[in-house]
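Just below is one structure, and these are the notes that go with it.
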Amino acid sequence: MGHNIPTFFFPVNEKDLNGSDLTEDFVQNLLGVKFESRHDEGIREVTSRNWWYQETVLELAKRLNISGLEFLSQELIVLEKPKLSHTIVSLNQLLSKISGSIPVFSDQQNEEYAGIAELRSVDYSLAFQRSTPDIVINPSVDSGFEAVVGFYSFLKSIIAAINNALERDLLLIYYRPQP
């Protein structure tokens, strides 16, 4: 059994922060205000059981020696422009290394990885092609081919969110609420 709790990425103007302490209550209120127009606001919601998308990115980054993605382990953080630029480079580097397969390491025993290790290279390539950045990513299946499509969509969505923030000269809030 696991937790399926959404994680949010959304651009924010520095004025919206208004020198406030970045607390969970503050971010929840800000999300509440902006949620009705979430498409226009660029609010992205991603759900994976037990945050396996984030945990997989962190593990891959560590093992592939890619820096700049550590923020995914935090519950709440504002990414400023220099960090956003570095994160784009890191995400593109990660995607280029895993677009043909997602390594599943022998010490990863989570049920989320069930069926992923058995996929063939052509399956990964097809999953990569099918994946798209989206406002909401909440796959109905968290294993096998669909899990890989969701994972690649997650990575592409982070890139899209960061590009959106940079184009609009905004910051990006990453919010990973706990159960």
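The values are calculated or read from the model by the stated rules, or taken from the named source; none is laboratory data. Computed from a predicted structure; not experimentally measured. Positions of Cβ are generated from backbone atoms using ideal geometry, with glycine treated the same way; all protein chains shown enter the neighbour counts. We work out accessible area using only protein heavy atoms, side chains counted, and drop any ligands, DNA or RNA first. Shrake-Rupley method; radii C 1.70, N 1.55, O 1.52, S 1.80 Å.
For region 161-179, the candidate set comprises residues that are in contact with a Ser or Thr (Cβ under 9 Å, 6 or more places away or on another chain) and assigned to a helix (DSSP H, G or I); within that set, the residue that is least open to solvent (accessible area, probe 1.4 Å) is 162.
The residues of region 84-110 that are of a type in the set (D, E, K, R) and either surrounded by fewer than 13 Cβ atoms within 10 Å (Cβ to Cβ) or at pLDDT 95 or above (or both) amount to a single one, 107.
Is there a residue being open to solvent by less than 50 Å² (accessible area, probe 1.4 Å), in contact with a strand residue (DSSP E or B) (Cβ under 9 Å, 6 or more places away or on another chain) and at pLDDT 90 or above anywhere in region 134-149? Looking through region 134-149, at least one residue is open to solvent by less than 50 Å² (accessible area, probe 1.4 Å), in contact with a strand residue (DSSP E or B) (Cβ under 9 Å, 6 or more places away or on another chain) and at pLDDT 90 or above.
Here residue 70 does not qualify as within 26 Å of residue 147 (Cα to Cα), open to solvent by less than 60 Å² (accessible area, probe 1.4 Å), among the charged types (D, E, K, R) and out of contact with any His (no Cβ under 6 Å at 6 or more places or on another chain).
Just checking, how many residues over region 1-30 are part of a helix (DSSP H, G or I) and buried (at least 18 other Cβ atoms within 10 Å of the Cβ)? Count: 2.
Taking the criterion of being outside any loop (DSSP other than H, G, I, E, B) and within 24 Å of residue 102 (Cβ to Cβ), the residues of region 62-78 that qualify are 62, 63, 70, 71, 72, 73.
Conditions (1) at pLDDT below 90; (2) more than 27 Å from residue 153 (Cα to Cα), marked per residue:
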{"position": "12", "(1), (2)": "no, no"}
{"position": "18", "(1), (2)": "yes, yes"}
{"position": "24", "(1), (2)": "no, no"}
{"position": "38", "(1), (2)": "yes, no"}
{"position": "46", "(1), (2)": "no, no"}
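Evaluating residue 56 against the criteria (1) in a helix (DSSP H, G or I); (2) without any contact (Cβ under 8 Å) to a residue 60 or more places away in the chain; (3) open to solvent by less than 40 Å² (accessible area, probe 1.4 Å) leaves one unmet condition, (2).
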